[in-house]
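Engineer: So that we are looking at the same thing, I have put the structure below in structure tokens.
The values are calculated or read from the model by the stated rules, or taken from the named source; none is laboratory data. In this text the structure is predicted, and so the values were computed from the model without any measurement. Note: ideal-geometry Cβ built from the backbone for every residue, glycine included; neighbour counts use all protein chains shown.
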Amino acid sequence: MAKTLFDKIWDAHVVREVAGGLTVFYIDRHLIHEVTSPQAFDELTARGLTLRRPEQIVATADHNVPTRHQNQPIQDPLSRSQVDKLTENCATFGVELYGLGHQYQGIVHVIGPELGITQPGLTMVCGDSHTSTHGAFGTIAFGIGTSQVTQVMASQCLLLDKPKRMRITLDGDLRPGVTAKDLILYVISQLGTGGATGYFVEYAGSAIRGLSMEGRMTVCNMSIEMGARGGLIAPDATTFEYVKGRRFAPQGENWDRAVAYWQTLYSDEDAVFDAELQFDASAIQPMITYGTNPGMGIPLSASIPVLNGGSEATSFDKSLRYMGFQPGESLLGKEINYVFIGSCTNSRIEDLRTVAAYVRGKQKAAHVEAIIVPGSKQVEQQAIAEGLDKVLADAGFELREPGCSACLAMNDDKIPAGAYCVSTSNRNFEGRQGPGARTLLASPLVAAITAVEGRLVDITQYLN
Amino acid sequence: MEKFQTLRSGVVPLPIENVDTDQIIPARFLKATTREGFGANLFADWRYTADGQPKSDFVLNDARYQGHQILLAGKNFGCGSSREHAAWALYDAGFRVVISSYFADIFRGNALNTGLLPLQVSDEVLQGLFEVVAQDSQTALTVDLQTQTLTVPGWDEVIYFELDPYKKECLLNGYDDIDFLISQEAAITAFEQQRSWVF
């Protein structure tokens, strides 16, 4: 029977089906971090259990870490205690930890792929909704809550109902200035913030195949922002090339065997999806969000929509009041106070290269604070090796140390109340970047141009 | 996990759609390493001013709704972050049921694992419930998990709601998935043996 990519990987991980349509589902790799794991370790201890497969878990500290002076003790006592707790738990339970100061430390969804932990055909979970990032490799990867973190620790399995399958096909050549981030912001703007709830999404089409692995990660990363359980892309030569030679990638004969298997991971021609959507990628323009959920996105040069009643009206009005915008107005010319380049969506080396290439020889606007937070120590080191640190510093950008930073503002990296921030992260929820902060989601290229101009502009006029 | 069987309670109306988990519990309050105490910061940025004073126009600060254990919220409740702390915060603040016309997947799972019932109704029923509560803030609804029914005073028919039969048993008895998964040890080991080449 013809199968979708998702079904092939799902079926290979069914331990058994139990009454009521639930599946005991096997998890190959489990990533943990300091915020959603401490209660799970405590629960395990309270029940007299231990880790079933510690070698299938990798830990890092990312959500709550400072992005300055990482070589010094963490100042905030609560943050410090959470990071210390992770270190203590990893030592007690025998989990590999890439903690602060380690050469592999970084955002959990950046380090998984760059270390070759993420591979096609695997199942991966993490107590973080952006775990969908790893789907870029043809992996079933999704975020879980802390109770489920405990379940995977204890049994290496989860009890799941099978999601429905959706395919989103994006065909066509991208216009100048349009990036992976614009593709996914466009798709979310079409589906809305709950439009893919209950589905696992496969992204397909020439525009997706033409993306680099980092671009594909950006797309899959934001699947959760339209409610999807996860997103994935069939692995191909681009995927194998990226994985090959990475630290935890299969070697020698195992590599050949792995690739032979990975080449079977695609949706069969006559496979049936529960939902199919198609978009013309060549019509997509550079995008920006104007509201307080990621579905509230428009082309940068378009106007904020006007809503005529309906059940959404109250929430829409509340959102625009929070943002200080009016229905029907254009965002072009709006002054911006902060630019944040970072997060598991856009903090990889290609993102830093895009920003550096644009700002080389230019200066950020005087009133803009421009922060760039690499996704990992390895990204940071690569940027330094390429001299990007100097280019960025010369342009007035502050290059910080790795972490989740102002994406969720758990640490000191907060945007002040009322200030506007163009951010390459994934969420523009009220207060996400600090109480009262106003977030506009965009690509690293839009962010770089905005930092230099100090206001929102039609970026197509600024491309070389 | 505490058992959930029946509840008769007043309602706290929150007619906002797409309430995300960053609103339910902002990230800066996630630094604790235990499950308790998150209720004090439930909806913190909607509930308190920057200097920590209660905002009089937010429903949780309205005396009419104090002690009510059912939250009535707009559609797509709990979207965004996977933080189970959102379900813990609602539970810790005294809520036992959230009614909406749909829930984000991860939140729904987290709620069920916390002993908080995510009760899904149609858009029309949701609208009707908001109207009932607007007319009388003291309207008490009855939720019966065994019969999967919601009873609304003055309505001719009870509302039937869906719930996975396994999760229903778990809630009724206070069980969680860990005991079940541990009991699958033999099947899991057999599975690992046939899949061992991957690692």
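Engineer: Got at least one residue in the stretch A:168-185 being surrounded by fewer than 24 Cβ atoms within 10 Å (Cβ to Cβ), more than 30 Å from A:Ser301 (Cβ to Cβ) and in contact (Cβ under 8 Å) with a residue 24 or more places away in the chain?
Structural biologist: No - not one qualifying residue is present in the stretch A:168-185.
Engineer: Pick from the stretch A:38-81 the residues that are hydroxyl-bearing (Ser, Thr, Tyr) and facing chain B (nearest Cβ under 9 Å): which of them is farthest from A:Glu114 (Cα to Cα)?
Structural biologist: Here the answer is A:Ser81.
Engineer: Condition first: part of a helix (DSSP H, G or I) and either over 22 Å from the mean Cα position of the chain (by Cα) or not assigned by the TED database to the domain that holds A:Gly205 (or both). Now tell me which residues in the stretch A:230-253 satisfy that.
Structural biologist: Narrowing the stretch A:230-253 to residues part of a helix (DSSP H, G or I): A:237-243, A:252-253.
Within the stretch A:230-253, A:Ala237, A:Gly252, A:Glu253 meet the criteria.
Engineer: Ok, one more. For the stretch A:20-35, check the following and say yes or no: at least one residue is of a type in the set (Gly, Ala, Ser), within 10 Å of chain B (Cβ to nearest Cβ) and surrounded by fewer than 17 Cβ atoms within 10 Å (Cβ to Cβ).
Structural biologist: At the first step, the residues of the stretch A:20-35 found to be of a type in the set (Gly, Ala, Ser) are A:20-21.
From what is left, the residues that are within 10 Å of chain B (Cβ to nearest Cβ) are A:20-21.
From what is left, the residues that are surrounded by fewer than 17 Cβ atoms within 10 Å (Cβ to Cβ) are A:20-21.
Yes.
Residues checked against (1) on the phi > 0 side of the Ramachandran plot; (2) among the β-branched types (Val, Ile, Thr); (3) away from chain B (no Cβ under 14 Å); (4) in contact (Cβ under 8 Å) with a residue 60 or more places away in the chain:
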residue	(1), (2), (3), (4)
A:Phe248	no, no, no, yes
A:Asn254	no, no, no, no
A:Ala260	no, no, no, no
A:Ser267	no, no, yes, yes
A:Ala271	no, no, yes, yes
A:Asp280	no, no, yes, yes
A:Met287	no, no, yes, yes
A:Thr292	no, yes, no, yes
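Engineer: Then there's this: Quick one: which helices (runs of 4 or more DSSP H) lie wholly within the stretch A:82-199 and hold at least 3 residues that are more than 13 Å from every other protein chain (Cβ to nearest Cβ)?
Structural biologist: Working: elements: A:108-114, A:146-155, A:180-191.
Fully inside the stretch A:82-199 and qualifying: A:108-114, A:180-191.
Engineer: For the stretch A:319-334, give me each residue that is under 21 Å from B:Val19 (Cβ atoms) and hydrophobic (A, V, I, L, M, F, W, C).
Structural biologist: Scanning the stretch A:319-334 gives A:Leu320, A:Met323, A:Phe325.
Engineer: State whether the residues of the stretch A:1-12 include one that is surrounded by 24 or more Cβ atoms within 10 Å (Cβ to Cβ) and either outside any loop (DSSP other than H, G, I, E, B) or at the interface with chain B (Cβ under 8 Å from one of its Cβ atoms) (or both).
Structural biologist: Within the stretch A:1-12, one or more residues are surrounded by 24 or more Cβ atoms within 10 Å (Cβ to Cβ) and either outside any loop (DSSP other than H, G, I, E, B) or at the interface with chain B (Cβ under 8 Å from one of its Cβ atoms) (or both).
Engineer: Any residue at all in the stretch B:162-176 that's more than 8 Å from chain A (Cβ to nearest Cβ) and more than 18 Å from the chain's Cα centre (by Cα)?
Structural biologist: No.
Engineer: Another one. In this structure, is A:Ile27 closer than 21 Å to A:Phe248 by Cβ, in contact with a Ser or Thr (Cβ under 6 Å, 6 or more places away or on another chain), of a type in the set (A, V, I, L, M, F, W, C) and at pLDDT 95 or above?
Structural biologist: Details: closer than 21 Å to A:Phe248 by Cβ: yes; in contact with a Ser or Thr (Cβ under 6 Å, 6 or more places away or on another chain): yes; of a type in the set (A, V, I, L, M, F, W, C): yes; at pLDDT 95 or above: yes.
Taking the combined requirement at face value, the residue satisfies it.
Engineer: Kindly evaluate A:Lys377 against the criterion of being in the same structural domain as A:Pro294 (by the TED database) and in contact with a Gly (Cβ under 8 Å, 6 or more places away or on another chain). Break it down stepwise before answering.
Structural biologist: Numbers: in the same structural domain as A:Pro294 (by the TED database): yes; in contact with a Gly (Cβ under 8 Å, 6 or more places away or on another chain): yes.
Judged against the criteria, A:Lys377 is a match.
Engineer: Continuing with this model, one more query. Please work out if A:Tyr98 is without any contact (Cβ under 8 Å) to a residue 60 or more places away in the chain, touching a strand residue (DSSP E or B) at 6+ places or on another chain (Cβ under 7 Å) and aromatic (Phe, Trp, Tyr). Talk me through it step by step, then tell me what you get.
Structural biologist: Working: without any contact (Cβ under 8 Å) to a residue 60 or more places away in the chain: yes; touching a strand residue (DSSP E or B) at 6+ places or on another chain (Cβ under 7 Å): yes; aromatic (Phe, Trp, Tyr): yes.
So A:Tyr98 fits the description; yes.
Engineer: Could you count how many residues in the stretch A:63-112 are crowded, with 24+ Cβ neighbours inside 10 Å and on the phi > 0 side of the Ramachandran plot?
Structural biologist: The number of residues fulfilling the criteria is 1.
Engineer: Given (1) surrounded by fewer than 22 Cβ atoms within 10 Å (Cβ to Cβ); (2) touching a Leu at 6+ places or on another chain (Cβ under 7 Å), identify the lone condition not met by A:Lys364.
Structural biologist: Result: A:Lys364 passes all but (2).
Engineer: Related question: Suppose the filter is among the aromatic types (Phe, Trp, Tyr), farther than 21 Å from B:Phe130 by Cα and without any contact (Cβ under 8 Å) to a residue 12 or more places away in the chain; does B:Tyr48 pass it? Break it down into steps so the answer makes sense when it comes.
Structural biologist: On the way: among the aromatic types (Phe, Trp, Tyr): yes; farther than 21 Å from B:Phe130 by Cα: yes; without any contact (Cβ under 8 Å) to a residue 12 or more places away in the chain: yes.
Spelling it out, B:Tyr48 is indeed among the aromatic types (Phe, Trp, Tyr), farther than 21 Å from B:Phe130 by Cα and without any contact (Cβ under 8 Å) to a residue 12 or more places away in the chain.
Engineer: Suppose the filter is surrounded by fewer than 23 Cβ atoms within 10 Å (Cβ to Cβ), free of Cβ contacts under 8 Å to residues at least 60 places away in the same chain, under 30 Å from A:Thr87 (Cα atoms) and of a type outside the set (Ser, Thr, Tyr); does A:Asp42 pass it? Give the derivation first.
Structural biologist: Working: surrounded by fewer than 23 Cβ atoms within 10 Å (Cβ to Cβ): yes; free of Cβ contacts under 8 Å to residues at least 60 places away in the same chain: yes; under 30 Å from A:Thr87 (Cα atoms): yes; of a type outside the set (Ser, Thr, Tyr): yes.
So A:Asp42 passes the test.
Engineer: Now for a different question. Looking only at the stretch B:133-163, count every residue that is assigned to a loop (DSSP other than H, G, I, E, B) and surrounded by 15 or more Cβ atoms within 10 Å (Cβ to Cβ) and tell me the total. Reasoning before the result, please.
Structural biologist: Step one: filter the stretch B:133-163 for residues assigned to a loop (DSSP other than H, G, I, E, B), giving B:136-139, B:145-148, B:152-158, B:161-163.
Narrowing further to those that are surrounded by 15 or more Cβ atoms within 10 Å (Cβ to Cβ): B:137, B:139, B:145, B:148, B:152, B:161, B:163.
Residues in the stretch B:133-163 being assigned to a loop (DSSP other than H, G, I, E, B) and surrounded by 15 or more Cβ atoms within 10 Å (Cβ to Cβ): 7 in total.
Engineer: Still on this structure: Consider B:Ala27 against the criteria (1) farther than 22 Å from A:Asn411 by Cβ; (2) touching a residue at least 24 places away in the same chain (Cβ under 8 Å): it satisfies all of them except one. Which criterion is unmet?
Structural biologist: (1)
Engineer: If you scan the stretch B:1-15, which residues turn out to be away from chain A (no Cβ under 11 Å) and either assigned to a loop (DSSP other than H, G, I, E, B) or small (Gly, Ala, Ser) (or both)?
Structural biologist: B:Glu2, B:Lys3, B:Phe4, B:Gln5, B:Ser9, B:Gly10
Engineer: Could you tell me which residue of the stretch A:200-213 is nearest to the other protein chains (Cβ to nearest Cβ), considering only residues that are assigned to a helix (DSSP H, G or I) and either without any contact (Cβ under 8 Å) to a residue 24 or more places away in the chain or of a type outside the set (D, E, K, R) (or both)? Can you show your working first?
Structural biologist: Narrowing the stretch A:200-213 to residues assigned to a helix (DSSP H, G or I): A:206-209, A:213.
Now drop any that are not either without any contact (Cβ under 8 Å) to a residue 24 or more places away in the chain or of a type outside the set (D, E, K, R) (or both), which leaves A:206-208, A:213.
Working: A:Ser206: 30, A:Ala207: 26, A:Ile208: 23, A:Met213: 21 Å.
Only one residue tops the list, namely A:Met213.
Engineer: For the stretch B:1-21, enumerate the residues that are closer than 30 Å to A:Asp412 by Cβ and surrounded by 23 or more Cβ atoms within 10 Å (Cβ to Cβ).
Structural biologist: Restricting attention to the stretch B:1-21, the residues satisfying the condition of being closer than 30 Å to A:Asp412 by Cβ are B:16, B:18-21.
Within the stretch B:1-21, B:Asn18, B:Val19, B:Asp20, B:Thr21 meet the criteria.
Engineer: As an exercise: evaluate A:Thr424 against (1) under 22 Å from A:Leu185 (Cβ atoms); (2) in contact with a helix residue (DSSP H, G or I) (Cβ under 9 Å, 6 or more places away or on another chain); (3) of a type in the set (S, T, N, Q); (4) within 14 Å of another protein chain (Cβ to nearest Cβ) and give the number of the one condition it does not meet.
Structural biologist: All conditions pass for A:Thr424, except number (4).
Engineer: Going residue by residue through the stretch A:388-400, is there one that turns out to be within 25 Å of A:Val108 (Cα to Cα), surrounded by fewer than 23 Cβ atoms within 10 Å (Cβ to Cβ) and free of Cβ contacts under 8 Å to residues at least 12 places away in the same chain?
Structural biologist: Taking the stretch A:388-400 first, the residues within 25 Å of A:Val108 (Cα to Cα) are A:388-389, A:392, A:397-400.
This time we only want the ones that are surrounded by fewer than 23 Cβ atoms within 10 Å (Cβ to Cβ), so: A:389, A:398-400.
Those left that are additionally free of Cβ contacts under 8 Å to residues at least 12 places away in the same chain: A:389.
Yes, the stretch A:388-400 contains at least one residue that is within 25 Å of A:Val108 (Cα to Cα), surrounded by fewer than 23 Cβ atoms within 10 Å (Cβ to Cβ) and free of Cβ contacts under 8 Å to residues at least 12 places away in the same chain.
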